[in-house]
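Some notes on the structure that comes next.
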Amino acid sequence: MQFRLPRGTQDILPEDQPHWRHVISTAQEMARRFAYGRIDTPVFEQAALFERGVGEGTDIVEKETYTFSDRSNEMMTLRAEGTAPVCRAYLEHGMSSLPQPVRMHYFCPIFRYERPQAGRFRQHNQFGVEAIGDADPSVDAEVIDLGWRFTEALGLKGLSLVINSIGDPECRPKYLETLKAAYQPHLDKVCPDCRMRFERNPLRMLDCKRTDFACQEYIASAPQMSDHLCEGCADHFSKLQGYLTALEIPFRVDSRLVRGLDYYTRTVFEIQPPEEGAQSTVLGGGRYDGLIEQLGGKPTPGVGFGSGIERLVLNVKRQEAALADNADNVVDAVVVSLGEEAAPVAAKLASQLRNGGLKAVLTQPGRSLRGQMRHATAMGARFTLVIGDTEVAAGTAQLKNMDTGDQQEVTLVDVAAVIAKG
RNA sequence: GUGAGCGUGGCCUAGCGGUAAGGCGCCUGUCUGUGGCACAGGAGACCGAGGGUUCGAAUCCCUUCGCUCACCCCA
């Protein structure tokens with residue numbers, strides 16, 4: 001085969017569409033209930049938006065963006081994540097003059113140059129929400145609530161919500177120093193990855209899974225962010241937990257939960273499905289109170305999440321949670337013709353049925369009647385219409401109900417009405 | 001970027017040194033104007049690509065490309 005799809009991309013075939021529709025329409029309904037209006041941003045943005053927004057030292061920016069210079073030598077990047085573009089739009093369209101917070105949701109493809117594996121692609125689709133302009137923990141709770149109800153409504157079982165607070169510019173740097181001080185004397189005993197993290201992203205050391213070094217031992221005894229939150233962050237986090245409890249959303253606090261984007265502050269959270277597997281997080285997000293300022297706006301808080309539609313579809317399929325939706329595999333009427341004269345009449349009839357809103361298909365004229373009937377069955381026909389010389393002369397068609405096998409002669413003008421009845 | 005496994009018609013699978021087989025699907029016929037079942041038949045593969053070993057390779061060896069899974073990271 002000469003052409004293949006690019007690595008890490010996929011075709012979503014007609015047979016997969018019912019699952020996608022299920023996920024997307026559920027997401028749309030949740031966004032509606034929570035009053036999160038839709039926003040669409042371009043597929044590519046100025047490269048600097050992601051560099052500044054996501055953070056230049058992050059893996060995403062450092063080695064995963066699809067960046068290119070266009071014909072006027074401007075550096076552009078295919079959307080690498082959903083939040084920065086929405087914040088850009090918030091600033092660009094003066095949304096700070098709207099009632100705060102501004103609530104928005106989006107569906108969009110995301111591009112990251114990664115090695116593909118189960119649940120990880122170079123192009124994937126996200127449903128995401130952002131609430132910008134309000135720092136109150138009730139908004140964090142609202143966003144989490146939306147995400148939780150969404151995944152729940154998909155029919156997924158055994159989900160778990162993990163939350164954490166990673167502090168703010170006041171307390172996190174101090175905590176990181178404390179953490180590094182605790183690791184410093186033992187750097188020779190932890191894994192090479194952790195030694196790297198020590199320099200670049202110390203929080204990640206707490207998330208190490210390796211057991212062939214002493215990492216786990218030091219994780220267990222490491223100082224916890226939760227013990228080092230400043231007063232404001234601690235209060236915010238405890239209020240958030242109060243809201244979640246009131247909303248009857250089960251959650252677990254995990255001090256090892258960290259996110260890879262630089263802009264997160266205070267609240268971070270993830271929703272995990274029960275199945276094992278490396279790339280399992282189905283929805284993740286948090287608060288980003290410094291981002292808008294970072295992008296050149298005045299200090300504006302925000303909170304949101306992104307969810308991977310491919311991963312959700314994967315889980316829906318695994319759990320067979322989608323309702324039986326075989327509407328795609330059913331055709332209202334298949335029109336069959338016999339003889340050269342009948343062919344255009346049959347084509348006209350099919351066209352007429354479609355104009356009346358029915359799903360109609362014309363079989364290949366010239367095939368044997370048997371062959372065309374077989375084809376009608378394979379297409380999932382509810383009704384088959386047969387037109388031969390006799391019918392052309394009479395202005396009628398033989399209408400056959402494919403379930404019952406009943407057949408009757410119907411005039412061409414009545415066909416649509418008879419089919420519509422049943 | 002690192003590591004492991006796998007690449008046979010549209011899909012799934014057999015063959016593991018002697019010149020490609022079966023199932024599903026598709027098409028045709030048994031049934032000269034009637035489907036779903038059954039039966040018969042047909043089309044469709046240079047066995048991912050390149051090189052090597054051999055009288056002979058889908059089968060063994062090397063290289064390469066691709067896919068998959070895991071690490072890293074993330075949705």
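The values are calculated or read from the model by the stated rules, or taken from the named source; none is laboratory data. It should be emphasised that the depicted structure is a prediction, and the values quoted were computed from it without experimental measurement. We place every Cβ from the backbone using ideal geometry, glycine too, and count neighbours over all the protein chains shown. Only protein heavy atoms, including side chains, enter the accessible area calculation; ligands, DNA and RNA are left aside. Shrake-Rupley method; radii C 1.70, N 1.55, O 1.52, S 1.80 Å.
Specify whether the C-alpha gyration tensor of region A:2-140 places it in the rounded, prolate or oblate class, a ≥ b ≥ c being the square roots of the eigenvalues: rounded for a/c under 1.5, otherwise prolate if a/b is larger than b/c and oblate if not.
On the way: a/c = 2.04, a/b = 1.18, b/c = 1.73.
Taking the square roots of the gyration eigenvalues as a ≥ b ≥ c, region A:2-140 is oblate.
For the cross-link pairs A:LYS239/A:LYS298; A:LYS63/A:LYS317; A:LYS317/A:LYS359; A:LYS157/A:LYS180; A:LYS174/A:LYS298, which exceed 29 Å when the distance is taken from alpha carbon to alpha carbon?
A:LYS63/A:LYS317; A:LYS157/A:LYS180
If packing is taken as the mean number of other Cβ atoms within 10 Å per residue, what is the order of A:171-180, A:129-138, highest first?
Sorting A:171-180, A:129-138 by mean packing, highest first, produces A:129-138, A:171-180.
Please list, ordered by chain and number, the residues whose modelled amide H lies under 5 Å from the amide H of A:ASP289; skip anything fewer than 5 residues away on the same chain.
A:THR265, A:GLY302
Quick one: Kirkwood hydrodynamic radius for region A:330-421, alpha-carbon pairs, angstrom, one decimal? Don't skip to the end; give the middle numbers.
On the way: mean 1/r = 0.0797 Å⁻¹.
The Cα-based Kirkwood calculation yields 12.5 Å.
Taking amide hydrogens as modeled 1.01 Å from N in the peptide plane, which residues meet the under 5 Å criterion relative to A:VAL361, leaving out close sequence neighbours?
Sorted by chain and number, the residues that satisfy this are A:ALA333, A:VAL334, A:VAL335.
Report the gain in length on full extension from A:MET75 to A:ARG370: 0.36 nm times residue separation, minus Cα-Cα distance, nm rounded to one decimal.
On the way: separation 295, 0.36 × 295 = 106.20 nm, distance 6.05 nm.
Contour length minus the Cα-Cα distance gives 100.1 nm.
How high is the relative contact order of region A:330-421, given as a whole-number percent (alpha carbon pairs under 8 Å, six or more residues apart)?
Details: 166 pairs, mean separation 28.4, N = 92.
Relative contact order comes out at 31 percent.
Provide the percentage of antiparallel DSSP beta bridges, counting only those with both residues in region A:330-421; round to the nearest 5.
Working: 9 of 18 bridges.
If we restrict to bridges inside region A:330-421, about 50 percent are antiparallel.
In terms of modelled amide H atoms, which long-range or inter-chain residues lie less than 5 Å from the amide H of A:THR396?
A:LEU412
Place +1 on the Cβ of every Lys and Arg and -1 on the Cβ of every Asp and Glu in region A:98-241, take the dipole about the Cα centre, and give the residue among A:SER226, A:PRO192, A:TYR175 whose Cα lies farthest towards its positive end.
In region A:98-241, that residue is A:PRO192.
Run the dipole for region A:64-184 about the Cα centre, Lys and Arg Cβ at +1, Asp and Glu Cβ at -1, nothing else charged, and hand back the magnitude in debye, nearest 20. Please list the in-between numbers first.
Values: 13 positive and 16 negative charges, 118 e Å.
With only Lys, Arg, Asp and Glu charged at Cβ, the dipole is about 560 debye.
Which whole-Hz couplings ³J(HN,Hα) result when phi for each residue of region A:351-360 is put into the Karplus expression 6.51 cos²θ - 1.76 cosθ + 1.60, θ = phi - 60°, listed in order with x for Gly and Pro?
4, 5, 5, 5, 4, x, x, 8, 8, 10
Report, for chain A, the % of DSSP beta bridges that are antiparallel, rounded to 5.
Values: 49 of 62 bridges.
Roughly 80 percent of the DSSP beta bridges within chain A come out antiparallel.
Of A:THR245, A:LEU283, A:TYR36, which is farthest on the positive side of the dipole of chain A, counting Cα position, with +1 on Lys and Arg Cβ, -1 on Asp and Glu Cβ, and the Cα centre as origin?
A:LEU283
Mind grabbing the accessible area of A:ARG318 for me, 1.4 Å probe, Å², rounded to tens?
Here the residue's solvent-accessible area equals roughly 120 Å².
If you roll a 1.4 Å probe over region A:330-421 with all protein chains in place, what percent of the accessible area is carbon or sulfur?
Details: 2490 of 4850 Å².
So the carbon and sulfur contribution to the accessible surface is 51 percent.
Build a GNM of chain A with springs between Cα atoms under 10 Å: which of A:GLY37, A:GLY158, A:GLY242 gets the top mean-square fluctuation?
Evaluated over chain A, the most mobile residue of the options is A:GLY158.
Please give the charge dipole size of chain A, origin at the Cα centre, charges +1 on K and R Cβ atoms and -1 on D and E Cβ atoms. Round to the nearest 20 debye.
Details: 47 positive and 56 negative charges, 125 e Å.
Rounded to the nearest 20 debye, it is 600 debye.
Each residue of region A:84-90 in order: what ³J(HN,Hα) in whole Hz does its phi give by Karplus 6.51 cos²θ - 1.76 cosθ + 1.60, θ = phi - 60°, with x for Gly and Pro?
4, x, 5, 5, 4, 5, 4
What ranking, highest mean first, results for peptides A:252-258, A:66-72, A:140-146 when packing means the other Cβ atoms within 10 Å averaged over each residue?
Answer by packing, highest mean first, reads A:140-146, A:252-258, A:66-72.
Going highest first, how would you order A:296-306, A:263-273, A:5-15, A:197-207 by mean Cβ packing within 10 Å?
Values: A:296-306: 20.0, A:263-273: 23.8, A:5-15: 10.8, A:197-207: 17.8.
The densest-packed peptide leads the list: A:263-273, A:296-306, A:197-207, A:5-15.
Suppose all protein chains stay in the model; what accessible area per residue would a 1.4 Å probe give for chain A, in Å²?
Details: 20950 Å² over 422 residues.
Roughly 50 Å² per residue, with all protein chains present.
Kindly identify chain A as rounded, prolate or oblate by the Cα gyration tensor criterion: order the square roots of the eigenvalues as a ≥ b ≥ c, call it rounded if a/c is under 1.5, otherwise compare a/b with b/c, prolate if a/b is larger, else oblate. Don't skip to the answer; put the middle values down first.
Numbers: a/c = 2.54, a/b = 2.47, b/c = 1.03.
Judged from the Cα gyration tensor, chain A comes out prolate (a/c at least 1.5, a/b above b/c).
Taking only Cα atoms, what is the 0 to 90° angle, nearest 10, from helix A:231-246's long axis to the longest principal axis of chain A?
So the helix axis and the longest Cα principal axis differ by about 40 degrees.
Magnitude of the Cβ-charge dipole of region A:330-421, K/R +1 and D/E -1, about the Cα centre, nearest 20 debye? All intermediate terms of the calculation are to be shown ahead of the outcome.
Numbers: 9 positive and 9 negative charges, 77 e Å.
Its charge dipole is roughly 380 debye.
With θ set to phi - 60° and the Karplus curve 6.51 cos²θ - 1.76 cosθ + 1.60, what are the ³J(HN,Hα) couplings of region A:117-132 in order, to the nearest whole Hz, using x for Gly and Pro?
7, 3, x, 9, 9, 7, 10, 9, 10, 10, 9, x, 10, 9, 10, 10
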